[in-house]
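Report on the structure given below.
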Amino acid sequence: MRLFIGIDLPQEIKKSVHDYLVPLQKSSKGWEKSHDYHQTLLFIGETSLEMMAQIRERLHSIKMDPFELKTNGFQFFNRRIMYLGFKSSPELSALKELVEKTYPEWCRKEAKEFIPHVTVKRWQRYEYDDLVKGLEEPMRTLTFMVNHVALFKSEKDFDNNKYHIVEKKFF
């Protein structure tokens with residue numbers, strides 16, 4: 001089973017992002033479902049049930065104060081992936097570091113720079129110009145409290161949702 005540690009966005013934030021994006025959707029191709037919006041902190045990957053039990057247990061050792069996170073508009077990775085960014089947050093960086101210390105065997109220090117974001121669309125290279133034009137009216141800044149971290153599994157269900165919370169650790 002494929003696992004990762006991340007932050008699940010509150011339902012009202014997911015709904016606001018989804019509602020803003022609906023007018024940009026010329027087709028359903030490549031758009032992430034709002035159910036799946038999340039901020040990944042650490043990708044773990046394929047694991048056994050036995051290892052998942054250890055991962056769940058260690059999740060509860062993460063201790064932190066709740067903190068506020070603010071969105072920072074939509075951007076693109078290489079014209080292929082559209083995402084909603086987050087404003088720089090020392091607390092988010094500290095949480096990511098804490099997660100990495102909790103699960104050192106899955107850290108990839110050679111990995112790309114951490115750019116806090118929620119992926120909303122993939123593989124839209126041919127739609128790029130239309131999407132940029134549609135984003136001319138910026139979405140208002142959204143703010144929410146981060147009061148927990150979650151262990152997610154990646155597995156499509158009957159509704160085509162991909163990411164599901166296995167365990168939450170509240171701060």
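One line per residue, one yes/no per condition, for (1) surrounded by fewer than 18 Cβ atoms within 10 Å (Cβ to Cβ); (2) closer than 23 Å to Val166 by Cβ; (3) not aliphatic (A, V, I, L, M):
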| residue | (1), (2), (3) |
| --- | --- |
| Arg79 | yes, no, yes |
| Tyr83 | no, no, yes |
| Lys87 | yes, no, yes |
| Leu98 | yes, yes, no |
| Glu105 | yes, yes, yes |
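Within the stretch 143-171, restricting attention to residues that are among the basic types (Lys, Arg) and under 21 Å from Glu91 (Cβ atoms), which residue is surrounded by the most Cβ atoms within 10 Å (Cβ to Cβ)? Even if it seems obvious, please write down each step before you answer.
Quick first cut of the stretch 143-171, residues among the basic types (Lys, Arg) only: 153, 156, 162, 168-169.
Then drop every residue that is not under 21 Å from Glu91 (Cβ atoms), which leaves 168-169.
On the way: Lys168: 13, Lys169: 17.
Taking the candidates together, the pick is Lys169.
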List pairs: first in the stretch 137-154 and within 14 Å of Leu84 (Cα to Cα), second among the small types (Gly, Ala, Ser), Cβ under 7 Å, 6+ apart or cross-chain?
-> Pro138/Gly73; Met139/Gly73; Leu142/Ser16
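Of all the residues that make up the stretch 16-48, how many are surrounded by fewer than 13 Cβ atoms within 10 Å (Cβ to Cβ) and among the basic types (Lys, Arg)? Let's see the steps before the verdict.
Of all residues in the stretch 16-48, those surrounded by fewer than 13 Cβ atoms within 10 Å (Cβ to Cβ) come to 19, 22-23, 26-29, 45-46, 48.
If we keep only those that are among the basic types (Lys, Arg) too, we end up with 26, 29.
Total meeting the criteria: 2.
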Does Leu92 satisfy being touching a residue at least 40 places away in the same chain (Cβ under 8 Å) and in contact with a Pro (Cβ under 8 Å, 6 or more places away or on another chain)?
-> yes
Could you tell me whether any residue of the stretch 76-87 is at pLDDT 95 or above, part of a loop (DSSP other than H, G, I, E, B) and closer than 25 Å to Tyr20 by Cα?
-> yes
From the list Glu68, Glu91, Glu110, pick out the single residue that is modelled with pLDDT under 95, of a type in the set (Asp, Glu) and out of contact with any Cys (no Cβ under 6 Å at 6 or more places or on another chain).
-> Glu110
Selection from the stretch 40-55 of residues that are in contact with a helix residue (DSSP H, G or I) (Cβ under 8 Å, 6 or more places away or on another chain) and in a strand (DSSP E or B) = Leu41, Leu42, Phe43, Ile44, Gly45
Within the stretch 49-59, the residues that are surrounded by fewer than 15 Cβ atoms within 10 Å (Cβ to Cβ) and either among the polar types (S, T, N, Q) or within 20 Å of the chain's Cα centre (by Cα) (or both) are Gln54, Arg56
Sole exception among (1) more than 20 Å from His18 (Cβ to Cβ); (2) loosely packed, with under 15 Cβ neighbours inside 10 Å; (3) in contact with a helix residue (DSSP H, G or I) (Cβ under 9 Å, 6 or more places away or on another chain); (4) at pLDDT 95 or above for Arg140, by number = (1)
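Against the condition more than 24 Å from Arg140 (Cα to Cα), in contact (Cβ under 8 Å) with a residue 40 or more places away in the chain and outside any strand (DSSP E or B), how does Arg58 come out, does it pass? Steps first, please.
Numbers: more than 24 Å from Arg140 (Cα to Cα): yes; in contact (Cβ under 8 Å) with a residue 40 or more places away in the chain: yes; outside any strand (DSSP E or B): yes.
When the stated conditions are applied, Arg58 passes them.
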Among the candidates Glu91, Glu97, Glu105, Glu68, residue that is acidic (Asp, Glu) and not in a helix (DSSP H, G or I) = Glu68
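So which of Leu3, Leu21 is touching a residue at least 12 places away in the same chain (Cβ under 8 Å) and not in a helix (DSSP H, G or I)? First the steps, then the outcome.
Values: Leu21 fails: not in a helix (DSSP H, G or I).
Of Leu3, Leu21, the one residue that is touching a residue at least 12 places away in the same chain (Cβ under 8 Å) and not in a helix (DSSP H, G or I) is Leu3.
The values are calculated or read from the model by the stated rules, or taken from the named source; none is laboratory data. All values reported here derive from a predicted model rather than from experimental measurement. All Cβ positions, even for glycine, are placed from backbone atoms using ideal geometry, and neighbour counts span all protein chains on display.
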